[in-house]
Each structure stands twice: as C-alpha cells, then as structure tokens.
C-alpha cells in the first residue's frame, strides 16, 4: 500500500486480492477520487499510456448513497467498455447530490497495440468504501471481479 | 490461516464452530497444508454465509477456497425456501454458470504432435478469444430470448451440434424456469456480439492428453484411456452473466431491509427465495445458465470444424458441468427429503452413482467432475461419490485457485517468456495478450494436484484421470 511514503494527490492504486483486483482512487474531492479509481479500473485492462483519449462517452448515474454511486460509476464504465469496444484513459466526474455526471475519453480496442490483459466483469461491494481520510483526502475503493 | 481456530474433524474436514449470528457451523475441506495457505477471509466469509436466513446444515468451503465477494470462491450453501431461505447473487458470482466441457477426439498424442502447430493456429484463428473479440452470431431480440430460454438445446436447434450432445450436459442442455424478461436490456446488449466467445482471464480451450488413470473402471465408463487426447473448454455466460450479477447485486442490497434481512456486509446481498425479487433473480440467473450452455455449445461447434479440417475427426461429449450456479435440488437432511436451493460458487456439482439426473450410461460410474488446472500443469477428471451428498450437498472443488494476485504474477513473469518456456515443454499456447499470459502463469496458481488429492481424500469426489495440455488457446 502507498501510505508510506505519502502518496501524491490525486492518485490511484491497485490493492491485493488473490483472485480479483482491488481498485482505489484518491483525490481532494469524492469526484476526483472517483476519476482516479476509474483510471485504476482501466489499468486492470491495459497499460493506460497506450490508450489515446480520442473520443468521449458521457456516463451519468443517479444514486443517493455515495458508496453505491461509486460502484454504479465503475460498472457503467465496464458496460461502456464492453458494448462499445472502447478502452479509456481519462475521466472527468461531477457529483451534484445524488447525481453523477461523468465523461470517459478513450479509443476503440486495438489488440495489437493495446495488448489488453483481462476484461473486468463487474465492480463488487467487497472492500467497498468511499470516505474522507483524516488529512482531508477522499479515498474510494472496492474489489473488481476479473 | 491458523488451524487452531478450527475444530479438526478428520484429516480433510475442519469445522468453524457456530458463534454470534451464525445459524449453522462452517465446514472447510482440505489438507492441513491447504488450510494453512488459505486466506483468513475464507473463515470470515464462510461464517457470514452461515448467518444467512434459511441456511441448512452448514456453510461449506471446498479445498480450493479463497477470498471471494460475499461468498468465498469454493463456497457451497443450501437454503430452504420454506424456512425463509434466501438466494444470493454473490453466492453464484458474476460469471454465471462458468464451467468446463470436455470432448473426446478419438486420437492419441502422436496424431496431435504431427499437426500441433497447425492445430494450435487453426483453433486460435477460428475461436474468438480475449478482450474485445466478437463472435460471428448476432441475435435479434426474439432470438436472444429464445437462446436464454433454450440454452444448448436452442444452439443445437440452430445447427450448432447434435441432439445427442445434450445427453451429456447438465440439465440436458437447458435449465427450466429461465425468464428472459427478468434479464435487463443492458445485459442483453452486452451479449449481442459475444455468443461463441471464450472471454479472457482464466478461460481457455485446451487440447489435453490423458497422462494418468487412477480409477480404471470409472475411466472406462467415461471412455478414457492412457494417451487419449481430449478437448476441454472453460468459459461462462460472458457479458450477459456479468451484467445480471451487477444488476441484481444492487437490487438485492437495496431491498434487504424491506425483506427484514440484516446484512453484516452489503456484499452478502440476497433476497428471500419466496419473494418477487428472489424469483426474478432465479429467472434471470437461469437465463444466464442457458446462455453459458449455449456459448459452450457454439464453441464446441467451432472446435469441431477445426478438428474435422485439420485431422478429419469428430468430437463427442464426455460431459459439461458448471461451477457458478444456484440450483433447486432434492437432498436428504436429518433423514428427511428436502428441496433446497444449492449455491455453488467456484464449486462443481458432483452427483454420485445412481443419481436420477445422470444419463443412463453414466449412472453406475457417477457424474464426471471436470477440474481445470493451469496452462502449464494438469487438469483432472473426478467422479461423484456416494458420500458426497451428505458431505456437502454433492459438491467438489473447481480448480487450482490462485496462490498469487495478478499484480504479483506480472511482477514475477513475462508473458512471452512463459509462452516460450511452455513451448519448450511441448505445450503450444496461443493468446492475444502477453500480460494476460503473465497473469495466468502456472506458478501463480496453487498446486491443483494437492487440491484434487484433498478432494478425493475427503470423499467429495473420486480421482479418475489426469490430463496434461498439448495446446492452449487463452484469452
């Protein structure tokens, strides 16, 4: 884990889960933490540096519970990746009460160039938390089934 | 984990004594060394499952158990609808009806080695594999619903295989009670172009050689001889199943309070079997099972074409069994027959000899239990036993189980090096993803031999044959 030395903000990381993969995002706001966790999700699939943010997809969610909203957000990204055959490398999130307005930038999958490793099946409620840490940083995390 | 927190019942059976909210004990199967290597989370998750309403007898974990979400992977639990029993999406998993199908080729090792490269390339060319791959079949709304209701039986009707294939598939290739209307449009959308695709991660198609026989009589009944070559397909319900899992996890978590269920953790989301939501999930989940059965049937059709072209042979089914399901079954508990909803999440159904659901020609031998290994080790075929009913509702292990996270594996191995090393050992691997190969390196998994040996010793299923790969098509 990246608590020591102090992690840069914003940032993301994967945390260990033997069968699947944990994603965590950190930011000054919950929205920023969601953006970072989405990068962690995309990095499960392939190397982010290989994905050019050429086209964007709007992703909106409506959910009053912030933790459930986080899982909805990740699952909406998984859905868009699957049905549009896109990979993403940039995200923007705005949260207004129960409403999340997001945007994901990426490009169509090119197996040769992107060398995707594994598809994400769904974000789970395992190890799920969205909270503001004592220093003020927001952290959003959960396990993703791969 | 520390074995001191468990009560040792036998060399391969360990009990978690009921405490706190647990309604029944937990039972973990495995050798002492497997148990020691298990994550502490397994005990926590088995204990949580044991606290769910309507659970019967005990919450079980198979020898390959590890930390899952809600239920452990390798978890088995049966619920009685008449006692307030629940159904849980987390008890089935996202990849609904993921499973293994094994086919006979009628060939021996020498026949494969003569065309090994050509065969590997042809299978890789013909069978869609890896992220972003699409199948050649597009279903409109009406066809999608017909597929979800009909499973492998639908696929055979479309020309993907023969009616006799269905005899060797669980539920004769089609589970009843599927309700396509309970499957969301998003789930169907995810499946539009994924029929007949293998997927990624630990899914594969392998050409395998029988390298050991442990139970000659059962092996003969299964048509297995030393040196015989088989084809095994490991995959599930693809995007459709994943989306059903996603949709219902949330619906069950939100509705738990209304159903009077207090969840120790949201990940245990469930609904009473006798509730609108419980019935809706069962209808959708069974549609997911049919999708997986249809998917493996279509992949079989593609593999048959390749074997016919390259080797001039046909493939016949040994068996097809799933390991992520919830099924309504009759079991004897305390001397009384009860109809229970048995969740198996990363656990294989294992009906013993004489079970009425077995095809007549397998009735004496018991159900084939197909256990997938890694691309560099071995897979195993076991058989259901008489005693597996009382041990764990006719359940056995499902695979090796990871010993190491995907991250740790990519730090240790490089995909192309793994591929080259396996090629030197005579195993040809074809995959679009070097990183995927590193994440799936054989060393990242537990020793599957130890898992099946413990399964055999515990009496959950009997070891019949070992299979080693010659060709592996990997996502």
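The values are calculated or read from the model by the stated rules, or taken from the named source; none is laboratory data. Quick caveat, the model's predicted, so the values are computed rather than measured. Ideal geometry is used to build each Cβ from the backbone, glycine not excepted, and the neighbour counts take in all protein chains shown.
What to note about this one:
- One residue stands out among those in the stretch A:110-121 that are in contact (Cβ under 8 Å) with a residue 12 or more places away in the chain and on the phi < 0 side of the Ramachandran plot: the one that is surrounded by the fewest Cβ atoms within 10 Å (Cβ to Cβ), which is A:113.
- You will find that of B:311, B:318, B:302, the residue that is farther than 20 Å from residue B:234 by Cβ, at pLDDT 95 or above and in contact with a helix residue (DSSP H, G or I) (Cβ under 8 Å, 6 or more places away or on another chain) is B:311 and no other.
- Considering each residue of the stretch B:435-458 in turn, none proves to be assigned to a strand (DSSP E or B), at pLDDT 95 or above and surrounded by 23 or more Cβ atoms within 10 Å (Cβ to Cβ).
This table checks each residue for (1) surrounded by fewer than 20 Cβ atoms within 10 Å (Cβ to Cβ); (2) touching a strand residue (DSSP E or B) at 6+ places or on another chain (Cβ under 9 Å).
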position	(1), (2)
B:332	yes, yes
B:336	yes, no
B:340	no, yes
B:350	no, yes
B:373	no, yes
B:378	no, yes
B:386	yes, no
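- Qualifying residue in the stretch B:184-192 (condition: within 14 Å of another protein chain (Cβ to nearest Cβ), part of a loop (DSSP other than H, G, I, E, B) and at pLDDT 95 or above): yes
- Scanning the stretch B:108-148 for residues that are surrounded by 14 or more Cβ atoms within 10 Å (Cβ to Cβ), at negative phi and free of Cβ contacts under 8 Å to residues at least 12 places away in the same chain returns B:143, B:146.
- Whichever residue in the stretch B:247-270 is touching a strand residue (DSSP E or B) at 6+ places or on another chain (Cβ under 6 Å) and not in a helix (DSSP H, G or I) and, among such residues, is surrounded by the fewest Cβ atoms within 10 Å (Cβ to Cβ): B:259
- Checked against (1) within 23 Å of residue B:189 (Cβ to Cβ); (2) within 14 Å of chain B (Cβ to nearest Cβ); (3) assigned to a strand (DSSP E or B), residue A:71 passes all but a single condition, namely (3).
- Meets criteria (touching a strand residue (DSSP E or B) at 6+ places or on another chain (Cβ under 7 Å), more than 14 Å from chain A (Cβ to nearest Cβ) and surrounded by fewer than 24 Cβ atoms within 10 Å (Cβ to Cβ)) for residue B:392: no
- Strands (runs of 3 or more DSSP E) enclosed by the stretch B:1-94 - at least 1 residues per element that are within 14 Å of chain A (Cβ to nearest Cβ) and under 23 Å from residue B:257 (Cα atoms): B:59-69, B:71-79, B:86-88
- Output for the stretch B:73-90, where each listed residue is over 21 Å from residue B:203 (Cβ atoms) and out of contact with any helix residue (DSSP H, G or I) (no Cβ under 6 Å at 6 or more places or on another chain): B:78, B:79, B:80, B:81, B:82, B:83, B:84, B:85, B:86, B:88
- When residue A:98 is tested against (1) modelled with pLDDT of 95 or more; (2) more than 16 Å from residue A:78 (Cβ to Cβ); (3) in contact with a strand residue (DSSP E or B) (Cβ under 8 Å, 6 or more places away or on another chain); (4) more than 14 Å from chain B (Cβ to nearest Cβ), exactly one condition is not met: (4).
- Of B:239, B:173, B:151, B:199, all but one fail to be buried (at least 24 other Cβ atoms within 10 Å of the Cβ), in contact with a helix residue (DSSP H, G or I) (Cβ under 8 Å, 6 or more places away or on another chain) and free of Cβ contacts under 8 Å to residues at least 60 places away in the same chain; the exception is B:239.
- Hey, residue A:104 facing chain B (nearest Cβ under 8 Å), crowded, with 16+ Cβ neighbours inside 10 Å and touching a helix residue (DSSP H, G or I) at 6+ places or on another chain (Cβ under 8 Å) or not: no
- The stretch A:12-21 - residue that is surrounded by fewer than 21 Cβ atoms within 10 Å (Cβ to Cβ) and under 11 Å from the mean Cα position of the chain (by Cα) and, of those, nearest to residue A:125 (Cα to Cα): A:14
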